[in-house]
Amino acid sequence: MIRKKDKTKNVKSSNTKINNISRNAYIFFLLSGLFAVLLFSSCNKQKVLHIYGVQDNDLVKILEEQKIKVELYSNVLNAAKSARRGEGVLILADNYPKSQVDVDEQLFQIIKEKELRAYIEFPSEIPGVSLSKIKKAKAERAVVNSDFFGGFPDSLSILGINGLHYISTPSEINKAHIVAAKVAGFDSAIFGLPEKYFPLLFEMENERVLVATTNLSRFVSGRYAPAKEWAATWSGILEFVLPGVKLEPLHWEPVVKPSYAKADLLPEDFQRNSILRGVEWYKNARMLIPHNYEDSLTQLIESGIEKIQWNSEMPIGDGSNGVFECIFSEIDENGKQPIGIMERGDCVSETAMAFATAGRVFGNNEYTSTAGNLLDYYLFQSIATKDEYGNPEHDAYGLIPWGISNYAWYKANYGDDNARFLLAAWTTAAFTDSDRWDEIMMKSLIALLRTTGQNGFRGGRIDLPDLDKNNWEYYFNRKIINPSPHFECYLWACFLWAYDKTGDTLFLERAKKGILKMMELYPDKWRWTNGLAQEKARMILPLSWLVRVEDTAENREMLFTLINDFLKLQDKSGAIREELGEIKMGRYPPPQSNKAYGTTEASLIAQNGDPVSDLLYTTNFAFLGMHEAAYATKDPKIIQATDKLAEFLCRIQVESKGHPELDGGWMRSFDYERFEHWGSNADHGWGAWAIETGWTQGWITSILALRELDTSIWDLTKDSKIAIHHKKLKEELLPQK
C-alpha cells in the first residue's frame with residue numbers, strides 16, 4: 001500500500017466512557033492494551049518505508065506488491081522528518097540524468113539523529129565525499145565489488161545499467177558494493193577490475209546509509225539486465241534499509257521480452273504470426289526510408305552522424321528510397337535505441353526478400369510492391385550500379401558496392417555481401433514474378449567470378465582503389481587460399497546456383513575447388529571472424545547446394561560431417577550456442593583484456609560454454625543453411641533440428657508494447673538459459689541488442705515464410721530464366737584470350 005504524504009499525521013485520542021467496570025479491571029484493561037500497542041509497534045517498527053520520489057518510479061510501482069507500508073513524499077526532508085526512529089528512507093532520483101537530487105547536510109543530520117536506514121541515489125552532495133560532474137559512461141559497465149548481496153549477484157558479476165550516467169567520486173571509497181568499470185566478460189569481469197573504476201553504490205562510513213551515484217531505481221523502464229540479478233540487487237538494498245523484514249520476491253513485467261517463455265505451449269499459428277510481426281517490424285520501426293529524407297540524411301552522414309532517434313511521427317516509406325541498416329545496440333536511460341541510417345546493398349535486398357516472401361504468404365500486394373520498390377531503388381535508381389560499377393571499361397563493372405551513404409562504403413566490395421544480395425534478389429524475383437533484375441544479377445555473378453582466384457577464393461574485400469591498381473585479371477589468376485567461410489562460402493553457393501542455371505562449368509569448377517580446400521582445412525585451420533560456430537553455420541549452404549548439383553557419397557559425407565558437428569551446439573531449447581576456435585585463428589575474438597573491451601568487433605561470449613545464441617552472425621545463417629539442407633537431403637535429423645530452431649526463433653522474437661521500434665524484431669544476442677536478451681556488448685558496432693534489417697530480420701522472416709510455403713530457395717528458383725543473359729555478359733566481362 002502506497003500513500004502520498006508530506007507531513008506527519010496528527011493522532012487524536014478519544015475519550016472512552018467506562019461504565020460498570022471495576023477500577024482494577026479498568027487498569028488491567030489499559031495495561032493490556034498498552035502492551036498490545038507496544039508489541040504491535042515493535043513488530044512493525046521498521047515496516048514503514050518513507051520514499052521521496054514520483055508515483056510512476058519503477059521501484060515504487062513494484063513495492064505496491066510488497067507487504068510493506070509505503071509513504072510517498074514530494075519533499076526530501078519531509079521523508080526523513082516523518083520517519084520514526086530506525087525506519088527506512090529511500091531518496092530516489094526524479095530527473096535523472098539531467099539533474100541530481102537536491103540534498104543538504106540537514107538530511108544527513110536527521111538520518112543520524114533518528115538512526116534511520118537510508119538509500120539515496122544521484123545526490124547533489126554527500127558529507128565528507130568529493131563529488132565531481134555527471135559523467136556519461138562510454139564502455140564502462142556496472143560490476144559488483146563485494147559480497148554485500150550474499151553471493152547473488154556475486155562479486156565481479158556484471159550488471160547492465162543502460163544509459164549509465166554517474167557522479168564521479170574517488171575510487172578509494174570504502175565499501176563500494178557496485179562500481180563502474182571498463183571490463184571484459186559475458187556476465188562476470190573475467191580479468192578482475194582495472195585500476196580505474198568509479199563507485200556506483202557504496203556505504204557511508206559509520207552510517208546506515210547507502211549512496212548510489214547513479215539511478216538504480218529505473219531498472220524496468222531503463223531495461224536493466226539480467227532480470228534475476230537486478231531483482232536480487234534490489235532485494236539486498238531493501239533488506240539493508242529494512243533489516244529483519246521478509247520481502248516477497250520482486251517481480252515485474254519486462255518492457256522488452258521474448259514473445260513466448262521457454263516452456264510455453266506455442267499456438268497453432270505461431271510461425272505465421274511470427275512472419276507477420278517480422279515484416280511489420282520494418283514499418284513500426286520506421287526502417288523504410290521516407291520520401292524527401294535524402295538531403296537530410298546526407299547532411300547528417302557528412303557531419304559524422306550515423307544515427308537518429310526513432311519517433312512515431314516519422315513517415316513510413318514504401319521501399320522507393322531504400323531501407324536503413326539497423327536499430328543500434330546502444331540503449332539509453334529510457335530504454336530507447338537509435339536507428340542506424342547507413343544504406344547498404346545487402347540489407348536492401350534481404351529486406352526486399354522479407355517483404356516478397358511475406359507478400360506471398362499473406363497474399364499482400366503492398367508487401368510485394370515494397371519488395372519490388374526496394375530492388376528497383378538500389379539497382380536502377382541509386383548510384384550502386386552507376387559510375388565505376390556501371391562502366392564497362394572499369395574493372396569494378398558489375399560488382400555491387402557495400403553501401404551508398406558515403407565513399408568509404410561505396411568503394412568497398414565484399415564478396416559475401418554481394419553473394420547474399422544475389423541470394424535474396426533472385427528469391428524476391430521469384431515471388432514478384434519479375435525478370436527485370438535478371439541481367440544485373442547475371443552481370444554481378446560474372447563480375448564476382450572474374451575476381452575470384454584459381455583456387456576458388458576471392459579474399460575478404462576488394463575496394464575500388466585496389467581495382468584501379470590491379471585489373472580484374474590479377475584477381476582471376478591469383479592462387480590465394482583464404483580459409484574463412486564468412487567471406488568465401490556464399491560466393492560458392494551463388495556459383496553452384498549459376499552453374500545449375502547456365503551449365504557454365506567455370507562456376508562449378510571454382511566453387512568445388514574452394515569447397516574441397518575449405519573442408520580439407522576443417523576445422524582447426526579455419527580463420528574465424530567473431531566465432532567458429534558462425535563459420536560452420538555459413539558453410540552448410542554451399543555444401544547443401546553441392547549435393548543438389550552433384551549428389552555423390554563424398555559430397556554428402558562432407559555435408560553430414562559438418563552438420564553433425566554443428567548440431568552438437570544445439571541446445572534442447574533449439575538454440576545454437578556460440579563457439580570460439582583457437583584465439584590465434586580469430587579475427588575478432590572476445591576482448592583479451594579489459595582495455596580491449598569495446599574497441600573493435602567482437603563475439604557475444606567470453607569463453608566457450610557461455611549460453612548465448614548470436615542471431616547476427618550464426619543462428620540466422622544456420623537457419624538458412626539447415627532449411628536448404630533439409631530440402632536437399634530430406635534427412636529426418638536435419639528436419640527435426642530445423643524445426644526446433646524455428647520454434648526457438650519464434651519464441652525469442654521481441655515483444656514490447658512500450659517500444660514499437662523493437663516489437664517483432666530479433667536482437668543479435670539471446671541468453672537461452674536466462675531466456676532473455678543478454679550478452680557481452682563488446683562489439684563496438686553491432687552489439688548485443690542490435691537488430692539488423694538484412695542479416696538478421698531479413699533472413700529469419702524469409703526462412704520462416706519459406707517454411708510456411710513448404711519450399712526452398714533452390715526449388716523456388718529452379719525455373720529462373722536468368723541464363724538468357726549469360727552468353728553475352730560472359731563475352732563482355734570474361735572474354736577468352
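The values are calculated or read from the model by the stated rules, or taken from the named source; none is laboratory data. Just so it is clear, the model here is predicted, and its values are computed rather than measured. Cβ: placed from backbone, ideal geometry, glycine included. Neighbour counts: every protein chain shown.
Taking into account only those residues within region 717-737 that are over 13 Å from Gly398 (Cα atoms) and not in a helix (DSSP H, G or I), which is modelled with the lowest pLDDT? Ranking the qualifying residues of region 717-737, first place goes to Lys737.
Scanning region 382-420 for residues that are part of a helix (DSSP H, G or I), in contact (Cβ under 8 Å) with a residue 60 or more places away in the chain and more than 25 Å from Pro735 (Cα to Cα) yields Trp409, Asp417, Arg420. Ala630 falls short on exactly one of the conditions (1) under 27 Å from Leu423 (Cα atoms); (2) among the aliphatic types (A, V, I, L, M); (3) assigned to a loop (DSSP other than H, G, I, E, B), and that condition is (3).
Scanning region 554-595 for residues that are outside any loop (DSSP other than H, G, I, E, B) and within 30 Å of Pro194 (Cα to Cα) gives Ile583, Lys584, Met585, Gly586. Scan region 481-509 for residues that are out of contact with any helix residue (DSSP H, G or I) (no Cβ under 6 Å at 6 or more places or on another chain) and either within 20 Å of Lys727 (Cβ to Cβ) or at pLDDT below 95 (or both) and the total you get is 6. Taking region 127-178 as the range and being out of contact with any Lys or Arg (no Cβ under 6 Å at 6 or more places or on another chain), β-branched (Val, Ile, Thr) and not in a loop (DSSP other than H, G, I, E, B) as the test, the residues that pass are Val129, Ile134, Val143, Val144, Ile167, Ile178. The single residue among Ser312, Ser303, Ser320 that is closer than 21 Å to Ser405 by Cβ, surrounded by fewer than 17 Cβ atoms within 10 Å (Cβ to Cβ) and among the hydroxyl-bearing types (Ser, Thr, Tyr) turns out to be Ser303.
For Pro199, indicate whether it is in contact with a strand residue (DSSP E or B) (Cβ under 9 Å, 6 or more places away or on another chain), within 24 Å of Lys257 (Cα to Cα), surrounded by 24 or more Cβ atoms within 10 Å (Cβ to Cβ) and not charged (D, E, K, R).
On the way: in contact with a strand residue (DSSP E or B) (Cβ under 9 Å, 6 or more places away or on another chain): yes; within 24 Å of Lys257 (Cα to Cα): no; surrounded by 24 or more Cβ atoms within 10 Å (Cβ to Cβ): yes; not charged (D, E, K, R): yes.
Taking the combined requirement at face value, the residue does not satisfy it.
What about Ser613, is it farther than 27 Å from Trp426 by Cβ, touching a residue at least 60 places away in the same chain (Cβ under 8 Å) and outside any helix (DSSP H, G or I)?
Working: farther than 27 Å from Trp426 by Cβ: yes; touching a residue at least 60 places away in the same chain (Cβ under 8 Å): no; outside any helix (DSSP H, G or I): yes.
The answer is no for Ser613.
Let's see how each residue does on (1) touching a His at 6+ places or on another chain (Cβ under 9 Å); (2) in the same structural domain as Ser217 (by TED's automatic domain parsing); (3) modelled with pLDDT of 95 or more; (4) not basic (Lys, Arg):
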residue: Lys47; (1), (2), (3), (4): no, yes, no, no
residue: Tyr52; (1), (2), (3), (4): no, yes, yes, yes
residue: Tyr73; (1), (2), (3), (4): yes, yes, yes, yes
residue: Ser82; (1), (2), (3), (4): yes, yes, yes, yes
residue: Ala93; (1), (2), (3), (4): no, yes, yes, yes
residue: Lys112; (1), (2), (3), (4): no, yes, yes, no
residue: Tyr119; (1), (2), (3), (4): no, yes, yes, yes
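Tell me, yes or no, whether region 677-694 has at least one residue that is in contact with a helix residue (DSSP H, G or I) (Cβ under 7 Å, 6 or more places away or on another chain), more than 25 Å from Asn162 (Cα to Cα), crowded, with 19+ Cβ neighbours inside 10 Å and modelled with pLDDT of 95 or more. Within region 677-694, one or more residues are in contact with a helix residue (DSSP H, G or I) (Cβ under 7 Å, 6 or more places away or on another chain), more than 25 Å from Asn162 (Cα to Cα), crowded, with 19+ Cβ neighbours inside 10 Å and modelled with pLDDT of 95 or more.
Give the residue, chosen from Thr368, Thr385, Thr351, that is among the polar types (S, T, N, Q), under 20 Å from Thr427 (Cβ atoms), in contact with a strand residue (DSSP E or B) (Cβ under 9 Å, 6 or more places away or on another chain) and at pLDDT 95 or above.
Values: Thr368 fails: in contact with a strand residue (DSSP E or B) (Cβ under 9 Å, 6 or more places away or on another chain); Thr385 fails: in contact with a strand residue (DSSP E or B) (Cβ under 9 Å, 6 or more places away or on another chain).
Matching residue, one of Thr368, Thr385, Thr351: Thr351.
Counting the residues of region 532-573 that are closer than 23 Å to Gly586 by Cα and either among the aromatic types (Phe, Trp, Tyr) or in contact with a His (Cβ under 7 Å, 6 or more places away or on another chain) (or both) gives 4. Listed by first and then second residue, the pairs linking a residue in region 587-600 that is closer than 16 Å to Asn681 by Cβ to a residue that is modelled with pLDDT of 95 or more and not in a loop (DSSP other than H, G, I, E, B), with Cβ atoms under 7 Å apart and 6 or more places separating them unless they lie on different chains, are Pro589/Ile583.
Looking across region 111-126 at every residue that is in a loop (DSSP other than H, G, I, E, B) and out of contact with any helix residue (DSSP H, G or I) (no Cβ under 7 Å at 6 or more places or on another chain), the one that is nearest to Ala93 (Cα to Cα) is identified as Phe122.
Within region 203-256, the set of residues being among the small types (Gly, Ala, Ser), over 26 Å from Trp689 (Cα atoms) and either without any contact (Cβ under 8 Å) to a residue 12 or more places away in the chain or in a loop (DSSP other than H, G, I, E, B) (or both) comprises Gly244 only. Only residues that are crowded, with 17+ Cβ neighbours inside 10 Å and without any contact (Cβ under 8 Å) to a residue 60 or more places away in the chain were counted across region 130-140, and they come to 3. All conditions but one from (1) farther than 21 Å from Trp409 by Cβ; (2) surrounded by fewer than 22 Cβ atoms within 10 Å (Cβ to Cβ) apply to Gly359; the one that does not is (2). Of everything listed in (1) part of a loop (DSSP other than H, G, I, E, B); (2) among the aliphatic types (A, V, I, L, M); (3) surrounded by fewer than 24 Cβ atoms within 10 Å (Cβ to Cβ), the single unmet condition for Leu604 is (3). The set of residues in region 261-293 that are at pLDDT below 95 and assigned to a helix (DSSP H, G or I) is empty.
Restricting attention to region 105-129, the residues that are touching a residue at least 60 places away in the same chain (Cβ under 8 Å) and among the hydroxyl-bearing types (Ser, Thr, Tyr) add up to 1. In the condition set (1) touching a residue at least 12 places away in the same chain (Cβ under 8 Å); (2) surrounded by fewer than 19 Cβ atoms within 10 Å (Cβ to Cβ), Trp281 is compliant with all but (2).
Once region 321-379 is narrowed to residues that are out of contact with any helix residue (DSSP H, G or I) (no Cβ under 6 Å at 6 or more places or on another chain), of a type in the set (A, V, I, L, M) and in a loop (DSSP other than H, G, I, E, B), the residue that is farthest from Ala705 (Cα to Cα) is Ile331.
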